[in-house]
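Notes for the one structure printed next.
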Protein chains: 2
Amino acid sequence: MPESPIRKLVPYAEKAKKKGRKVYHLNIGQPDIETPEVALNAIRNYDENVVAYSHSAGNLSYREKLTEYYKQNNITVTPDDIIVSAGASEAILFAMNSCLDEGDEVIIPEPFYANYNGFAINAGVTVKPIPSSIKDGFALPPIADFEKAITDKTKAIMICNPNNPTGYLYSKEELETLRKIVLKYDLFLFADEVYREFTYDNHKHFSVMELDGLDEHVVMIDSVSKRYSACGFRIGCMVSRNEKVMATALKFAQARLSPPSFGQVAAEAALDTPKEYFDQVLQEYYNRRQIVVESINKMEGAFCPQPKGAFYVVASLPIDNADRFCQWLLEDYEYENQTVMLAPATGFYSTEGSGRQEVRISYVLNVDDLKKAMDVLENALKNYPGREI
Amino acid sequence: MPESPIRKLVPYAEKAKKKGRKVYHLNIGQPDIETPEVALNAIRNYDENVVAYSHSAGNLSYREKLTEYYKQNNITVTPDDIIVSAGASEAILFAMNSCLDEGDEVIIPEPFYANYNGFAINAGVTVKPIPSSIKDGFALPPIADFEKAITDKTKAIMICNPNNPTGYLYSKEELETLRKIVLKYDLFLFADEVYREFTYDNHKHFSVMELDGLDEHVVMIDSVSKRYSACGFRIGCMVSRNEKVMATALKFAQARLSPPSFGQVAAEAALDTPKEYFDQVLQEYYNRRQIVVESINKMEGAFCPQPKGAFYVVASLPIDNADRFCQWLLEDYEYENQTVMLAPATGFYSTEGSGRQEVRISYVLNVDDLKKAMDVLENALKNYPGREI
């Protein structure tokens, strides 16, 4: 597996810190938001004496409660339509292994979450990227682009909605377009919906599970990591109404015995998180997005769409090479003894050469730090030797 | 993936229970022993506010403490030689994916832990079984059998020591034999050592990590599940001194982000489990093994070796077909309204037709229940219509 561009930067970030520099981490997907008390209390009150394997598909009590949560989100499923996994990561692996064979192709609009590549390699599947463009905010590529990419080996389309890395929120209309392609070519539709709650400007998430007539086609991937700022729980799930797919996925789940028991207890309790928690978190992310988008669009030669979801933006910058720029920021640059760590967008494209003038910015810092980080970035762009307007 | 013979029995066990029958579960690997208090207390005192991703290789504090534990077991490793995983399951996947390519072959003495098949399918690897025999207690097959099985595609030998399902403990001499084969044919040697602590009659476990000159060849698989009766932690690890293998495995680990955070906290604390805990547990398992082995060998036409490790035995019984017998026990038989659930050994052999007169018995019940279960089995054998002496 190739090394990701972000991983390559880690030693430079460490060196910068050793020099005493403050490094603002805008490169990560780890929220700084607190995990809900109700979830942590469930762990603190854990009262079993034997920490046993759970059901391979996850505790029934948790899956039952999840169906209520999904119902509130307009998604009707039964506990049998859910397999609890070690994060969305394992759910993606289960989905690929259960639906696809060695050598099959999956179409993914790029830029896309870089780890999909790792799971595809693991499952022996080939990713066929089709480009989305920063110009229209990374909207769904035209139907013609999907049709051009489809071959005899194409078995699935995969999306992330709201999107990591772009923050783009697919509309109901875009998903209806996907529905037609999926039915026409008899494909699976995988949708990673782990950022479901994070939508702004009164936009509501529309799930692939709400599409009509796709019960045999749709596999939804979910996780509690971002929703409850609970990345360490390692609890996600795979959701599908396709019984055959779920039966196969269950065998993979049985081979690894069970998902984490403590994480399941915490995740089940997290479903009782009060609405106020999300109101506050959403307001906080909204404020951060405003700072990032406004700041970047004020920088000369830079552009950033205003995404409707998640907590990421992909911005285009006036630079020769994002990998080089991000390394330079850590290795050679400081502004009042501060610098920023960004994710070069090259890692989110699988088409060679794409994303060289783009970076992903995660707004996982508090408003004050975010403002300082934007100042650092603005000054850095003015001083970067590889500046290209 | 094929359905395992044990899984097929589950609905019959449920039906038996619905009829009000007491079912003694001798079919499972879930110990009834309590998880150490020191581990549970660590979870109850969990004091982080954000449950974040850990390092992809696991918390450094845990890996450092693990090196001390290994040192006490005569295994010298550094924290960089360890990747913490979601149970031994994930560690086996990492090992196979990092060392083997699609189509490669791995030789495993059979009977072997059935889930190895699932991981091999997942990694695109072919399992080549070579038979071990109940007659010599499932000792290591002769070197000639290994050599006969080796082809151009053979890249690894895998053992489980102490063994699941047989309980066999490989001697230092047997491991030295394996060492020679591994060096002669330049193979990897995977060893699943999750039952390391469970050895009886003053026998001590000898690890593949203690073999000389195999740093580039050996990958050891470990887990806290059995050691601390902590199956639900989902914490294991992959251990190897081969830097290239560990670098590749780390990329797979990074793709799935991190192992479970709560489980790691509990597992790290579990390393402080007092010696008395193990003394008691070992005495308990010793007593149980005596009951099972003595009882079975008193039954007419039955035979059971006296294994030196783990908490399993494979017994040969005077029956026509183990799958049929185990189903009959649940579906058609009762003795004073009780019955037993056993694991047909057929699931532990990948050679078609092998293990048809053998069952695996896990001694994970308390002494009183175990005695009752043995009475039920003895009577069942007398009454089974497919009895074959």
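The values are calculated or read from the model by the stated rules, or taken from the named source; none is laboratory data. These numbers come from a predicted model, not from an experiment. Cβ: placed from backbone, ideal geometry, glycine included. Neighbour counts: every protein chain shown. Remember, those area values only see protein heavy atoms, side chains included, never the ligands or the DNA or RNA. Shrake-Rupley method; radii C 1.70, N 1.55, O 1.52, S 1.80 Å.
If you scan the range B:1-38, which residues turn out to be in contact (Cβ under 8 Å) with a residue 24 or more places away in the chain, of a type in the set (A, V, I, L, M) and either within 8 Å of another protein chain (Cβ to nearest Cβ) or within 27 Å of residue B:355 (Cα to Cα) (or both)?
B:1, B:6, B:9, B:13, B:16, B:23, B:26, B:28, B:33
For residue B:252, work out the one condition from (1) open to solvent by 10 Å² or more (accessible area, probe 1.4 Å); (2) within 30 Å of residue B:19 (Cβ to Cβ); (3) assigned to a helix (DSSP H, G or I) it doesn't fulfil.
(2)
Going through the range B:258-306 one residue at a time, which ones are open to solvent by 20 Å² or more (accessible area, probe 1.4 Å), closer than 30 Å to residue B:318 by Cα and either among the aliphatic types (A, V, I, L, M) or assigned by TED's automatic domain parsing to the domain that holds residue B:139 (or both)?
If the condition is that a residue be open to solvent by 20 Å² or more (accessible area, probe 1.4 Å), closer than 30 Å to residue B:318 by Cα and either among the aliphatic types (A, V, I, L, M) or assigned by TED's automatic domain parsing to the domain that holds residue B:139 (or both), then B:291 is the only one that fits.
Keeping to the range A:208-239, report how many residues are assigned to a loop (DSSP other than H, G, I, E, B) and touching an Asp or Glu at 6+ places or on another chain (Cβ under 6 Å).
Residues in the range A:208-239 being assigned to a loop (DSSP other than H, G, I, E, B) and touching an Asp or Glu at 6+ places or on another chain (Cβ under 6 Å): 1 in total.
Would it be correct to say that residue B:90 is at pLDDT 95 or above, of a type in the set (Asp, Glu) and in contact with a Ser or Thr (Cβ under 7 Å, 6 or more places away or on another chain)? It would help to see each step written out before you state the result.
Values: at pLDDT 95 or above: yes; of a type in the set (Asp, Glu): yes; in contact with a Ser or Thr (Cβ under 7 Å, 6 or more places away or on another chain): no.
It is false that residue B:90 is at pLDDT 95 or above, of a type in the set (Asp, Glu) and in contact with a Ser or Thr (Cβ under 7 Å, 6 or more places away or on another chain).
Hey, does the range A:262-272 have a residue that's within 16 Å of residue B:235 (Cα to Cα) and facing chain B (nearest Cβ under 7 Å)?
Yes: one or more hits.
Considering only residues that are surrounded by fewer than 21 Cβ atoms within 10 Å (Cβ to Cβ) and more than 30 Å from residue A:103 (Cβ to Cβ), which ones fall in the range B:142-163?
B:142, B:143, B:144, B:145, B:147, B:148
Return the pairs, sorted by first residue and then second, in which the second residue is among the small types (Gly, Ala, Ser) and assigned to a loop (DSSP other than H, G, I, E, B), the first residue lies in the range A:310-338 and is under 10 Å from residue A:16 (Cα atoms), the beta carbons are less than 8 Å apart, and the residues are 6+ apart or on different chains.
A:337/A:20
Pairs, please: C-beta under 6 Å, at least 6 apart or cross-chain, first residue closer than 11 Å to residue B:222 by Cβ and in contact (Cβ under 8 Å) with a residue 12 or more places away in the chain and in the range B:74-85, second part of a loop (DSSP other than H, G, I, E, B) and not aliphatic (A, V, I, L, M)?
B:75/B:207; B:84/B:58; B:84/B:259; B:85/B:259
Would it be correct to say that residue A:46 is in a helix (DSSP H, G or I), of a type outside the set (A, V, I, L, M, F, W, C) and either facing chain B (nearest Cβ under 8 Å) or open to solvent by less than 10 Å² (accessible area, probe 1.4 Å) (or both)?
Numbers: in a helix (DSSP H, G or I): no; of a type outside the set (A, V, I, L, M, F, W, C): yes; either facing chain B (nearest Cβ under 8 Å) or open to solvent by less than 10 Å² (accessible area, probe 1.4 Å) (or both): yes.
Judged against the criteria, residue A:46 is not a match.
Being out of contact with any strand residue (DSSP E or B) (no Cβ under 6 Å at 6 or more places or on another chain) and open to solvent by less than 10 Å² (accessible area, probe 1.4 Å) is the filter here, so list the residues in the range B:318-329 that pass it.
Passing the criteria: only B:319.
Take residue B:54 and tell me if it is part of a loop (DSSP other than H, G, I, E, B), in contact (Cβ under 8 Å) with a residue 12 or more places away in the chain and within 13 Å of chain A (Cβ to nearest Cβ).
Criteria met by residue B:54.
Can we say residue B:335 is among the aromatic types (Phe, Trp, Tyr) and open to solvent by 20 Å² or more (accessible area, probe 1.4 Å)?
When the stated conditions are applied, residue B:335 passes them.
Considering the range A:104-148 alone, what residues qualify as being part of a loop (DSSP other than H, G, I, E, B), over 17 Å from residue A:191 (Cα atoms) and at the interface with chain B (Cβ under 10 Å from one of its Cβ atoms)?
Result: A:124, single match.
Tally the residues that are touching a Lys or Arg at 6+ places or on another chain (Cβ under 7 Å) and among the β-branched types (Val, Ile, Thr), restricting the search to the range A:232-265.
Total satisfying the criteria: 0.
In the set B:246, B:238, which member is away from every other protein chain (no Cβ under 13 Å), within 22 Å of residue A:114 (Cβ to Cβ) and in contact with a helix residue (DSSP H, G or I) (Cβ under 7 Å, 6 or more places away or on another chain)? I'd like the intermediate steps shown before the answer.
On the way: B:238 fails: within 22 Å of residue A:114 (Cβ to Cβ).
Matching residue, one of B:246, B:238: B:246.
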